[in-house]
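The values are calculated or read from the model by the stated rules, or taken from the named source; none is laboratory data. In this text, all values refer to a predicted model and were calculated from it rather than measured experimentally. Cβ atoms come from the backbone with ideal geometry, glycine included; neighbour counts cover every protein chain shown.
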Amino acid sequence: MLVKSLLAEFEQEAENTRKLLNAIPDSALDFKPSEKNWSTGQLASHIAEVYNWYQPTLHDHVMDMAAYKYDKGDISKAANIVAKFEENLKTARQALESATDESLFENWKMIMGSEDNVIFPDMPRIQVVRGFLMNHLYHHRGELVVYLRVTGNQVPGLYGPTADDAR
C-alpha cells in the first residue's frame, strides 16, 4: 500500500519535473543568482541526479557519498539534462516498483567514507524517501522556478496555472 501510494506521487511529480526541465532554454543555463549559487544548468542537473539516488536508497542499507560516482554528462544543453533525467527516472521507477512496504521500514543511512562520518543517521527508508528524495527534489524545483522567472522565461504550471498562463 505504501509503495503504491509513493508510486502515484512519484509519477505525478515526475511529470511536473519533466515540464519544468523542458521549460529551460539553453540561454538560461549559465545564469547564477549569486556567486554562492549553482548555475541554472548545475541546478537542473542536480534535480535530474536526485532520481539516481532512488536505487541505492531503496535497495542498499548504506550510501557512501565518498564512493558515489555520477556522470552528469554534458550540461551545456538543456536537452542533455532532460535526457539524463529521463534515464535516471526510469531507474528510479524500477527501484521504487521493486521495493516492498516492509522494506520501507528498514533502516538506511548515508556516510562519507567511513561509518564514523555519518551524514544521515540510521532512519527508516520511508523517511528518507519522503525527506531526502521527494521533498529535497521539490525544494530544488522551487529554486529552479525562481531562476526561470528571474531570467524572463516562462514558468510552467505545476499545481495549476501560473502568471504566464492565459486566464
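Step by step: first the residues of the stretch 142-167, then only those that are part of a helix (DSSP H, G or I) and touching a residue at least 24 places away in the same chain (Cβ under 8 Å), then the one that is farthest from the chain's Cα centre (by Cα). Which residue is that?
V150
How many residues does the stretch 102-121 hold that are aromatic (F, W, Y) and assigned to a strand (DSSP E or B)?
2
Scanning the stretch 1-53 for residues that are of a type in the set (A, V, I, L, M) and loosely packed, with under 13 Cβ neighbours inside 10 Å, which turns out modelled with the lowest pLDDT?
Of the residues in the stretch 1-53, the ones of a type in the set (A, V, I, L, M) are 1-3, 6-8, 14, 20-21, 23-24, 28-29, 43-44, 47-48, 50.
Those still in the list that are loosely packed, with under 13 Cβ neighbours inside 10 Å too: 1, 8.
Numbers: M1: 90, A8: 97.
Ranking the qualifying residues of the stretch 1-53, first place goes to M1.
If you check T57 against the conditions, is it more than 22 Å from W108 (Cα to Cα), surrounded by 15 or more Cβ atoms within 10 Å (Cβ to Cβ) and touching a helix residue (DSSP H, G or I) at 6+ places or on another chain (Cβ under 6 Å)?
no
Which of the residues that make up the stretch 99-112 are loosely packed, with under 13 Cβ neighbours inside 10 Å and within 23 Å of the chain's Cα centre (by Cα)?
T100, F105
So K69 clears everything in (1) within 17 Å of S39 (Cβ to Cβ); (2) among the basic types (K, R); (3) out of contact with any helix residue (DSSP H, G or I) (no Cβ under 7 Å at 6 or more places or on another chain); (4) outside any helix (DSSP H, G or I) except one condition, right? Which one?
(1)
What number goes with the only condition from (1) more than 13 Å from the chain's Cα centre (by Cα); (2) assigned to a helix (DSSP H, G or I); (3) over 15 Å from V3 (Cβ atoms) that L89 does not pass?
(1)
Among (1) modelled with pLDDT of 95 or more; (2) within 30 Å of P25 (Cβ to Cβ), where does A163 come up short?
Every condition holds for A163 apart from (1).
Tell me, please, whether a residue that is touching a helix residue (DSSP H, G or I) at 6+ places or on another chain (Cβ under 7 Å), in a loop (DSSP other than H, G, I, E, B) and either modelled with pLDDT of 95 or more or surrounded by 12 or more Cβ atoms within 10 Å (Cβ to Cβ) (or both) can be found in the stretch 122-141.
Within the stretch 122-141, none of the residues are touching a helix residue (DSSP H, G or I) at 6+ places or on another chain (Cβ under 7 Å), in a loop (DSSP other than H, G, I, E, B) and either modelled with pLDDT of 95 or more or surrounded by 12 or more Cβ atoms within 10 Å (Cβ to Cβ) (or both).
Restricting attention to the stretch 60-73, and to residues there that are of a type outside the set (A, V, I, L, M, F, W, C) and exposed (fewer than 14 other Cβ atoms within 10 Å of the Cβ), which single residue is nearest to N107 (Cα to Cα)?
H61
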